[in-house]
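Asks: Handing you this structure, nothing more for now.
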Amino acid sequence: MTTRYFLCLLMAAAFFACGPDPKPMVTTDTPVSAVDFKHTDNVLRVALRQEPEGLNPVLTAQADSRYVRELIFQTLNGQDPETFEVIPLLATTPDVRKESGGGVSYSYEIDPNAKWPNGLPVTAADVVFSLKAMMNPEVESGPYKPYYYNIESVITSPGNERRFRVMTRRPYLLAKQSIASLTVYPEYVYDPQQLLRKVRLSDLTDEKTAARLKGKDENLIAFAKEFNDISTATEPDKVVGSGPYRLLSWEAGQRLTLEQRPDYWAKDTRKEELQGKPEQIIFEFIPDPQTTVNALRDEKVDFALNLSAGQFRELREDDFLKARYDFATVPGTSYFGLTMNMREGIFKDKATRQAMAHLVDVDAIIEQFFPNGLASRVHGPVLSGKDYYADLPHKDYSPEKALALLESAGWEDTNGDGTLDKEIDGARKEFKFKFLTFPSPEAEGIGALMKEWMAEAGIEVEVVAMPGRALYEELNKGDFDMGLQGMGLDPNPDEFTQVWASTSVPPNGTNRTGFANAEADRLIRSIASTVNDKDRAPMYQRFQEIIHEEQPMVFLISPATRMVVSKRFSYSTSPISPGVRFGAFEQR
């Protein structure tokens, strides 16, 4: 998460039942009556590549978990799928004011109809509790905490339990978006003993004070023991939110099922972002792409996301499938790159990392695996369409430049075995490394090309394919040389703390490269506290120059989101992952 990784992973819903008409639904030219569908019920069946880690929102940033949990939990505000502007959801959009002490205040009012499953209203007290829960130093919510340390207090209204004002210590670039994306939990479920009422919010949102409290405050420890437990993320009676669905069942390794809440507070809404139209949504865990294809042919699923580009191209020409499914693409909001471990080993050296960029033929990857617009090339951590995008010299495929860089870094074949070697930390080390990748045709294909390209330069690569969860565990532990990693591209102004700050190495963030640069850290802090676009522009320029020079990652591609959707349903598409809102699927 740039903040897209954070916000676009978390913000996906909107607000009041009244309002403008929803956007037109996608329909198909094929008459539904002309197709003999296997299923005729109002149940949406979704294929997931990975089983969710859990459904407690602040305990995981996994995409597959988000797709499920956002149907159960809701945030204060949502995000317009076209403009990416903050829009109402549980609460109004904020009234923003500068305060005399140099901070900024954000005032909200929760929808008067919003209620929890037990009939109690969603109140400002639940918002305060939710902030305390996430900022509790004992709670395993490290990736999210940096976005809220700027909050000084939340002022509630004595005359209206739904009104509150969030006070920040200083201007912050993404304060409005961060507060908007706060998941609101019911205090009565997650803290029945009201332990967190005994702790001041300001102590938890002050990073140094929170660090001092860690391991010492009995209330924080006792709360976190229950909150961090896997049961709060997997057991139906402990996964409770204000959204349109509840967790009905979870069959480990197989599927989980959500069902409509009959008492849902916005069940009659016309707003897609709040809707829960399917009676049930069943998420089938199907990690193998070919098994997903078989499930589509057998009509066991209504929705599949990001089949391999080759499978997608092949299946959309199949007459049987074309009659039953739409094959849709939307621009992607993620990118993939080769993450190098800068903390130790062969990639501590900058010239070596730069050489890697010249040994990877990104254009060949696109041509072979993502032709006809299924992916675009990425050159850095900023979207090319943004006005502060730095158009720096591209590091194109050039074995000659790579070899020159490797030679300057001290790599040579001293023993004539065909593999480069170098003295590192007092010992002669061969240039051999493991490349961690995903078990998909494209990812493994990239691994095969990597092995070939590196071998030509005298580098030996072992390609290791592993499931996404296992791969990210290895990256988070720092126990790797190089790995294929997916990241988010932020439609909001970029705030780089989560991914690139030296303080954001896991578990405190997602800086998996271990990138640490004093100037970059200063720029990250300045960008975050500078609200004026023109003042931020030169900071963005310099930050991109540092990333370009230091090369912590070989930036590859931004793939289009590829969806296969049953024609049993009408639906709308969006650039926000996963490209649709499952709750808004309407049976035709």
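The values are calculated or read from the model by the stated rules, or taken from the named source; none is laboratory data. Values in this document were obtained by computation on a predicted structure and should not be read as measured data. Note that each Cβ is placed from the backbone with ideal geometry, even for glycine, and that neighbours are counted across all protein chains shown. Only protein heavy atoms, including side chains, enter the accessible area calculation; ligands, DNA and RNA are left aside. Shrake-Rupley method; radii C 1.70, N 1.55, O 1.52, S 1.80 Å.
Asks: List the residues whose amide H sits under 5 Å from the amide H of Ala375, counting only those 5 or more places along or on another chain, with H placed 1.01 Å from N in the peptide plane.
Replies: Ala560
Asks: Here's another thing I want to ask about it. Which is farthest toward the positive dipole end of the chain among Ala455, Leu196, Thr83, measuring Cα position about the Cα centre, with Cβ charges +1 (Lys, Arg) and -1 (Asp, Glu)?
Replies: The listed residue farthest towards the positive side: Leu196.
Asks: Quick check on my link table: of Lys350/Lys401; Lys98/Lys208; Lys350/Lys422; Lys348/Lys434; Lys348/Lys386, which ones sit more than 19 Å apart, alpha carbon to alpha carbon? Write down the numbers at each step before the final one.
Replies: Values: Lys350/Lys401 14 Å; Lys98/Lys208 25 Å; Lys350/Lys422 14 Å; Lys348/Lys434 15 Å; Lys348/Lys386 31 Å.
Pairs exceeding the cut-off: Lys98/Lys208; Lys348/Lys386.
Asks: Can you compute 3J(HN,Hα) from phi for each residue in region 277-284, using the Karplus curve 6.51 cos²θ - 1.76 cosθ + 1.60 with θ = phi - 60°, rounded to whole Hz and x for Gly and Pro?
Replies: 7, x, 5, 9, 10, 9, 9, 8
Asks: Still on this model: Could the peptides 67-78, 299-310, 226-237 be put in order, highest first, of the mean number of other beta-carbon atoms found within 10 Å of their residues? Present the calculation step by step, with values, prior to reporting the outcome.
Replies: Working: 67-78: 25.2, 299-310: 22.2, 226-237: 16.1.
Order by mean packing, descending: 67-78, 299-310, 226-237.
Asks: Give me the percent of the accessible area of the chain that comes from carbon and sulfur atoms, probe 1.4 Å, all protein chains in place.
Replies: On the way: 11320 of 23770 Å².
Within the chain, the accessible surface is 48 percent carbon and sulfur.
Asks: How big is the antiparallel share of DSSP beta bridges in region 334-559, given as a percent to the nearest 5?
Replies: Numbers: 19 of 27 bridges.
Just about 70 percent of them are antiparallel.
Asks: Something else now. Once a ≥ b ≥ c are taken as the square roots of the eigenvalues of the Cα gyration tensor of region 50-233, is the result rounded (a/c under 1.5), prolate (a/b larger than b/c) or oblate (a/b not larger than b/c)?
Replies: Details: a/c = 1.32, a/b = 1.09, b/c = 1.21.
Judged from the Cα gyration tensor, region 50-233 comes out rounded (a/c under 1.5).
Asks: Treating only the Cβ of Lys, Arg, Asp and Glu as charged (+1, +1, -1, -1), what charge dipole size does region 278-367 show about its Cα centre? Round to the nearest 20 debye.
Replies: 520
Asks: Based on the Cβ-Cβ distance of Glu473 and Glu545, what FRET efficiency does E = 1/(1 + (r/R0)^6) give at R0 = 22 Å, to the nearest 0.05?
Replies: On the way: r = 33 Å, r/R0 = 1.48.
For R0 = 22 Å, the calculated efficiency reads 0.10.
Asks: Can you give the charge dipole size of region 334-559 about its Cα centre, rounded to the nearest 20 debye, using +1 on the beta carbon of Lys and Arg and -1 on the beta carbon of Asp and Glu? Can you show the working numbers first?
Replies: On the way: 22 positive and 37 negative charges, 142 e Å.
Approximately 680 debye in magnitude.
Asks: Tell me the per residue accessible area of region 50-233 using a 1.4 Å probe; a whole number in Å² is fine. Show your work: numbers first, answer last.
Replies: On the way: 7340 Å² over 184 residues.
Accessible surface, normalised per residue, equals 40 Å².
Asks: Over all distinct alpha-carbon pairs, what is the Kirkwood Rh of region 381-520 in angstrom?
Replies: After inverting the mean inverse Cα-Cα distance, the result is 17.5 Å.
Asks: Which whole-Hz ³J(HN,Hα) couplings does region 199-210 yield from phi under the Karplus relation 6.51 cos²θ - 1.76 cosθ + 1.60, θ = phi - 60°, glycine and proline marked x?
Replies: Once rounded to whole Hz, the list reads 10, 6, 4, 4, 6, 7, 8, 9, 4, 5, 5, 4.
Asks: Using the Cα centre of the chain as the reference point, and only Cβ charges (+1 on K/R, -1 on D/E), how large is the resulting charge dipole? Debye, rounded to the nearest 20. Spell out each step's value before the answer.
Replies: Details: 67 positive and 86 negative charges, 384 e Å.
Roughly 1840 debye for the chain.
Asks: Let me cross-check Ser157: its accessible surface, 1.4 Å probe, with only protein heavy atoms counted, in Å² to the nearest 10?
Replies: For Ser157, solvent-accessible area is about 40 Å².
Asks: Given H placed 1.01 Å from N in the peptide plane, which residues other than close sequence neighbours of Lys429 have an amide H under 5 Å from its amide H?
Replies: The answer is Lys422, Glu423, Ile424.
Asks: Counting alpha carbon pairs within less than 8 Å and at least 6 residues apart, what relative contact order, in whole percent, applies to the chain? Don't jump to the answer; show the numbers that get you there.
Replies: Numbers: 1192 pairs, mean separation 127.3, N = 588.
About 22 percent, as a whole number.
Asks: If each DSSP helix of 4+ residues adds -39,500 (n - 2.57) and the sum is divided by the residues in the chain, what number results at 222 nm, nearest 500 deg cm²/dmol?
Replies: -7500 deg cm²/dmol
Asks: Out of Ile424, Ala323, Gln260, whose Cα points farthest toward the positive end of the dipole of the chain (charges: +1 Lys, Arg; -1 Asp, Glu; placed on Cβ)?
Replies: In the chain, that residue is Gln260.
Asks: What residue among Val362, Gly310, Ile282 has its Cα farthest toward the positive end of the dipole of the chain, where the charges are +1 on Lys, Arg and -1 on Asp, Glu, each on the Cβ?
Replies: Most positive-ward Cα: Ile282.
Asks: Give me the Kirkwood hydrodynamic radius of region 416-460 in Å, from all C-alpha pairs, to one decimal place?
Replies: Roughly 11.8 Å, rounded to one decimal.
Asks: Out of residues 5 or more away from Gln79 or on other chains, whose amide H comes under 5 Å of its own, with H placed 1.01 Å from N in the peptide plane?
Replies: Ala12, Ala13, Ile87
Asks: By accessible area of protein heavy atoms, probe 1.4 Å, what ranking do Thr92, Thr291 get, highest first? Kindly include the intermediate steps, with their values, before the conclusion.
Replies: On the way: Thr92 45, Thr291 65 Å².
Final ranking, largest accessible area leading: Thr291, Thr92.
Asks: Spelling out what I want: for every residue of region 465-470, take phi, set θ = phi - 60°, compute 6.51 cos²θ - 1.76 cosθ + 1.60 (Karplus), and round to whole Hz; glycine and proline get x.
Replies: Those phi angles translate into 8, 8, x, x, 4, 5 Hz.
Asks: I'd like to compare 362-371, 511-520, 270-279: which one has the highest average count of other Cβ atoms within 10 Å, and what's the full order after that? List each step's numbers first, then the result.
Replies: Details: 362-371: 16.7, 511-520: 19.3, 270-279: 22.0.
Going from most to least packed, we get 270-279, 511-520, 362-371.
Asks: Which value in Å is the Kirkwood Rh of the chain over different Cα pairs? Spell out each step's value before the answer.
Replies: On the way: mean 1/r = 0.0397 Å⁻¹.
25.2 Å is the Kirkwood radius here.
Asks: For region 334-559, what does the accessible surface come to per residue with a 1.4 Å probe? Please give it in Å².
Replies: Details: 9390 Å² over 226 residues.
I get 42 Å² per residue for this part.
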